[in-house]
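**Student:** The structure under discussion is supplied below as structure tokens; questions concerning it will follow.
FYI, it's all coordinate maths here, none of it is from the lab. Bear in mind that the values here come from a model prediction, so they are computed numbers and not experimental data. Glycine gets a Cβ as well: all are built from the backbone with ideal geometry, and neighbour counts include every protein chain shown.
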Amino acid sequence: MRTKLSRRAAGLTEYIVIVVLVAISLVAAVKMFGWRVQEKYIGSDIQVDQLEATK
């Protein structure tokens, strides 16, 4: 029974480590590419404003 509990605990630990690594990766990606997304969003907003002004 102890072996079964140890395997379950090991599986849970691996799962937690994977979740933490994915979260860290996402935070790093947002920090690296966030400004590009912001530029694209601002650029599209300007284009929409220009289209509305021509109507």
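**Student:** Calculate how steeply helix 2-54 sits against the longest principal axis of the alpha-carbon atoms of the chain, using the helix alpha-carbon long axis, and give the answer as 0 to 90 degrees to the nearest 10.
**Tutor:** It works out to around 0 degrees.
**Student:** Would you mind computing Rg(Cα) / (2.2 N^0.38 Å) for the chain, counting N as its residues?
**Tutor:** This ratio for the chain stands at 2.26.
**Student:** Rounding to the nearest 20 debye, state how big the charge dipole of segment 1-53 is about its Cα centre with +1 on each Lys and Arg Cβ and -1 on each Asp and Glu Cβ.
**Tutor:** About 840 debye.
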